Amino acid sequence: MIIMENCLYTKEHEWVRVDLDTVLIGITDYAQHAMGEIVYVELPEDDAAYEQGEVFGVVESVKAASDIYMPLSGTVIKVNTELEDDPGLINSDPYQNWIVGVKLNDSKQLDGLMNAVEYEQFCNSIDSN
Amino acid sequence: MARRFCVQSCPFIVPEIIWNLKSIIIEYLCNLNLVRRRKMGGKRTPLYGIYQKYQGKVIDYSGWELPVQFTGITSEHLAVRQAAGLFDVSHMGEITVSGNDAEGFLQYILTNDVTAMNDNDVIYSFMCYENGGVVDDLLAYKYDKTAFLLVVNASNTVKDYDWLVKHASGYDVEISDISHQTAELALQGPKAEEILQKLTDQDLNSVGFFQFRDNVDVQGIACLISRTGYTGEDGFEIYTDNELAIKLWELLMDAGQDLGLKAAGLGSRDTLRFEAALPLYGQELTEQITPLEAGLGYFVKLDKDFIGKNALVQQKKAGLKRKLVGFELLEKGIARHEYQVVNQENEDIGWVTTGYKAPSVGKSIGLALVNIDYSKRGTIVFIRVRKKLVKAKVISKKFYSKNYKKI
C-alpha cells in the first residue's frame with residue numbers, strides 16, 4: 001500500500017494535497033485497492049460549494065458504487081475531467097490522478113486531518129480487525 | 001491430539017501450500033464438521049485454503065466466505081469469454097431425490113417437464129409456490145426415473161429441502177441434502193473442453209449441452225461432469241467429494257495454464273451471467289416475481305400439473321402486468337440493483353434487478369422489472385441514479401450471444 005508523505009488523509013480514505021492556494025483531493029491507494037477496477041467516476045460541477053463531510057462525487061467499481069466525501073469545506077475550482085474517459089487512472093496512480101481542486105473556506109480545517117504516519121496506523125488498525 | 005492427527009492424515013498438505021497450514025487444518029476440521037463457524041462468521045468451501053495462493057479477495061456472500069475476485073473482475077470475465085475460467089461454486093446446494101416415485105414427484109414439484117428428459121440429461125427448472133412466485137431456480141440431473149440430483153442456490157438450500165420434504169408425503173421418495181460433502185467447480189469458456197480432456201479418457205465431445213456423465217475418472221478423481229454453466233459460454237460443471245476438491249482444482253489449473261485459464265470469482269460469475277441474461281435468484285426471480293414475469297416461460301410447462309400451475313395459468317390468461325426488460329443507459333452512469341425506474345412524468349414504473357457497465361458488451365446496461373406499458377423495445381425510461389434521473393432505452397435482453405455447444 002502506498003501512502004504519500006506530502007498528503008493529509010481522512011478516515012474515508014480521501015487524500016488532500018496543498019497546491020498553492022488550493023487543495024487537490026483524491027482517493028488513496030488503500031481505497032482504490034479495496035474497490036478494485038474503477039469503471040466510472042461521477043464528478044461534481046465547477047463552482048459547487050460543499051461543507052466538510054458532504055458527498056461530492058462517486059467512484060464506481062465493477063461491483064459497487066462508493067461515495068467520496070469532501071474532507072474540507074470549500075468551493076470546487078477544477079475537476080479532473082480526464083477521469084470521465086479513463087476512470088482506471090485512479091487505479092494506476094491514485095495520488096497523481098486527483099479528482100477535484102478546491103478553494104478552502106478555512107485552512108484551519110487541515111489540522112483535523114491525519115498525516116501519513118497516522119493514516120498508515122489507521123489502515124493497519126482496520127485490517128487487523 | 002486431534003489436531004496432530006489431522007496434520008498427519010490431511011491429504012492435501014504438500015510443500016508449496018505449507019505456508020497456509022493453519023487455514024488448511026481449520027478447513028480440514030471444518031470438512032469433518034468439527035468446526036463450522038469462523039472469524040467472519042461465514043461458512044467455507046473445501047477450496048478456501050487455495051484462495052490465497054491465487055490472490056483471492058474474500059467477501060461474505062450469503063453467509064459464505066467466497067472469493068469475489070482473484071486477479072480482477074474484468075480480466076477474469078474476459079478470460080472466460082476468450083479462453084477459460086475456473087470457479088469454486090461449492091457453496092451451491094445439492095439435493096438427491098430417489099425412489100420409485102422420484103420422477104412423478106419432481107414432475108409435480110418442478111415447472112419443467114422431467115418426463116421428457118432422457119437419462120443423463122440436465123434441465124433448468126423452477127420450483128414455484130402456489131401463487132406462482134419462485135421457491136428457487138435449479139438444475140435437475142436425471143440418472144434415471146428413480147434417481148435425480150437437484151443443484152440449488154446456496155442461500156435456498158435449507159428452504160428447498162424443507163419444501164421438497166413437505167410435499168413428499170404419499171410419494172415413495174427419499175430426499176437427501178448432500179451439500180456438505182459435495183464440492184463443485186465450474187470450468188467455463190471456449191477452452192474448457194480442451195483443458196478437461198487433458199485429464200480424462202471420457203470423450204467430452206460426446207457430452208452434449210445440458211447432458212452429464214457420472215463417475216468420470218479425472219486423473220483418479222471420480223467426478224460427475226455436466227456440460228452446463230452460468231456464463232453464456234461452453235463449459236462444464238464438475239462435482240466431486242470435498243476432500244478431493246483442492247486436488248481437482250490444481251489439476252485443472254495446471255492443465256489450463258498454457259491455454260489462458262484463470263481462477264475466477266463471484267464478481268465475474270455475476271457479470272458473465274448478467275450479460276447472458278441468465279437470472280439470479282433474489283434479483284430477477286423472487287418469491288414475488290413469477291417465471292412468466294421474468295420472461296422464462298419456456299421453462300414452465302403449463303400442459304402438466306405442478307405446484308403453482310393455476311396461478312401461472314391465470315396470470316398468462318389475464319396478461320402480464322409487468323415484465324423483465326433489458327435497458328441501455330443513454331447518459332453517463334451505472335444502474336445498480338434496486339435503483340428505481342420512472343417514466344417521463346417521474347412516476348414509479350419498476351426497479352432495476354441487475355445493472356453493470358458490462359465488460360464484454362462495453363455499455364452501461366441492465367435488467368429491470370417494469371410496468372408492462374413500458375416494456376416495448378425503444379421505450380424511453382429513466383433510472384434514478386442517486387439524485388439524478390438518467391435516461392435509458394428499453395432494448396432486447398440478448399446483450400450477448402451465447403456460445404453454447406451445438407448438439
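A few remarks follow.
- Filtering region B:40-64 to residues that are aliphatic (A, V, I, L, M) and surrounded by fewer than 21 Cβ atoms within 10 Å (Cβ to Cβ) leaves B:Met40, B:Val58, B:Ile59.
- Of the set (1) at positive phi; (2) buried (at least 19 other Cβ atoms within 10 Å of the Cβ), all apply to B:Asn215 but (2).
- A:Lys78 being touching a Gly at 6+ places or on another chain (Cβ under 9 Å), basic (Lys, Arg), farther than 27 Å from B:Thr74 by Cα and modelled with pLDDT of 95 or more: yes
- Filtered residue count, region B:367-388, keeping only those that are away from every other protein chain (no Cβ under 14 Å) and within 19 Å of B:Lys332 (Cβ to Cβ): 4
- Enumeration of residues in region A:21-52 that are part of a strand (DSSP E or B), within 22 Å of B:Glu331 (Cβ to Cβ) and more than 9 Å from chain B (Cβ to nearest Cβ): A:Ile38, A:Val41
- Residue among B:Ser360, B:Ser364 that alone is of a type in the set (Ser, Thr, Tyr), surrounded by fewer than 20 Cβ atoms within 10 Å (Cβ to Cβ) and either free of Cβ contacts under 8 Å to residues at least 12 places away in the same chain or within 14 Å of another protein chain (Cβ to nearest Cβ) (or both): B:Ser360
- Qualifying positions in region B:324-354 - within 14 Å of chain A (Cβ to nearest Cβ) and without any contact (Cβ under 8 Å) to a residue 60 or more places away in the chain: B:Lys332, B:Gly333, B:Ile334, B:Ala335, B:Arg336, B:His337, B:Glu338, B:Tyr339, B:Val352
- Filter result (more than 17 Å from B:Asn403 (Cβ to Cβ) and touching a Gly at 6+ places or on another chain (Cβ under 7 Å)) within region B:264-285: B:Gly265
- Residue check for A:Gln109: surrounded by 13 or more Cβ atoms within 10 Å (Cβ to Cβ) and of a type in the set (S, T, N, Q): yes
- Screening B:Tyr298 against (1) free of Cβ contacts under 8 Å to residues at least 12 places away in the same chain; (2) part of a strand (DSSP E or B) leaves a single unmet condition, (2).
- Residue in region A:53-66 that is part of a strand (DSSP E or B), among the charged types (D, E, K, R) and more than 11 Å from chain B (Cβ to nearest Cβ) present: no
- Of the listed requirements (1) in contact (Cβ under 8 Å) with a residue 60 or more places away in the chain; (2) more than 20 Å from A:Val18 (Cβ to Cβ); (3) out of contact with any helix residue (DSSP H, G or I) (no Cβ under 7 Å at 6 or more places or on another chain), A:Leu113 misses just one: (2).
- Any hit, region B:394-407, residues being in contact with a strand residue (DSSP E or B) (Cβ under 9 Å, 6 or more places away or on another chain), within 14 Å of chain A (Cβ to nearest Cβ) and either without any contact (Cβ under 8 Å) to a residue 24 or more places away in the chain or over 19 Å from A:Val39 (Cα atoms) (or both): no
- Condition check for B:Leu272: aliphatic (A, V, I, L, M), under 14 Å from the mean Cα position of the chain (by Cα) and in the same structural domain as B:Tyr124 (by TED's automatic domain parsing): yes
- Among residues that are in contact (Cβ under 8 Å) with a residue 12 or more places away in the chain and crowded, with 19+ Cβ neighbours inside 10 Å, B:Glu284 is included.
- Of all positions in region B:37-55, at least one carries a residue that is touching a residue at least 24 places away in the same chain (Cβ under 8 Å), outside the structural domain of B:Ala311 (by TED's automatic domain parsing), under 22 Å from the mean Cα position of the chain (by Cα) and in a strand (DSSP E or B).
- Positions within region B:189-233 being assigned to a helix (DSSP H, G or I) and either of a type in the set (A, V, I, L, M) or more than 24 Å from B:Gln82 (Cβ to Cβ) (or both), in sequence order: B:Ala192, B:Ile195, B:Leu196, B:Leu204, B:Ser206
- Evaluation of A:Leu89 against (1) within 12 Å of another protein chain (Cβ to nearest Cβ); (2) without any contact (Cβ under 8 Å) to a residue 12 or more places away in the chain (one fails), failing number: (1)
Table: residues versus (1) of a type in the set (Phe, Trp, Tyr); (2) in contact with a helix residue (DSSP H, G or I) (Cβ under 8 Å, 6 or more places away or on another chain).
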position	(1), (2)
B:Ala245	no, no
B:Lys262	no, yes
B:Phe274	yes, no
B:Phe299	yes, no
B:Lys317	no, no
B:Gln344	no, no
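- Meets criteria (hydrophobic (A, V, I, L, M, F, W, C) and touching a residue at least 40 places away in the same chain (Cβ under 8 Å)) for B:Val207: no
- Residue list for region B:319-329, filter: surrounded by fewer than 15 Cβ atoms within 10 Å (Cβ to Cβ) and out of contact with any helix residue (DSSP H, G or I) (no Cβ under 7 Å at 6 or more places or on another chain): B:Gly319
- Among the residues making up region A:67-118, those that are in a loop (DSSP other than H, G, I, E, B) and closer than 18 Å to A:Val39 by Cβ are A:Asn80, A:Thr81, A:Asp86, A:Pro87, A:Gly88, A:Asp93, A:Pro94, A:Asn97, A:Ile99.
- Yes/no for B:Gln314 being part of a helix (DSSP H, G or I), away from every other protein chain (no Cβ under 14 Å) and polar (S, T, N, Q): yes
The values are calculated or read from the model by the stated rules, or taken from the named source; none is laboratory data. Computed from a predicted model, the values in this text were never measured in an experiment. When we count neighbours, we look across all protein chains shown, and the Cβ atoms used for this are built from the backbone with ideal geometry, even at glycine.
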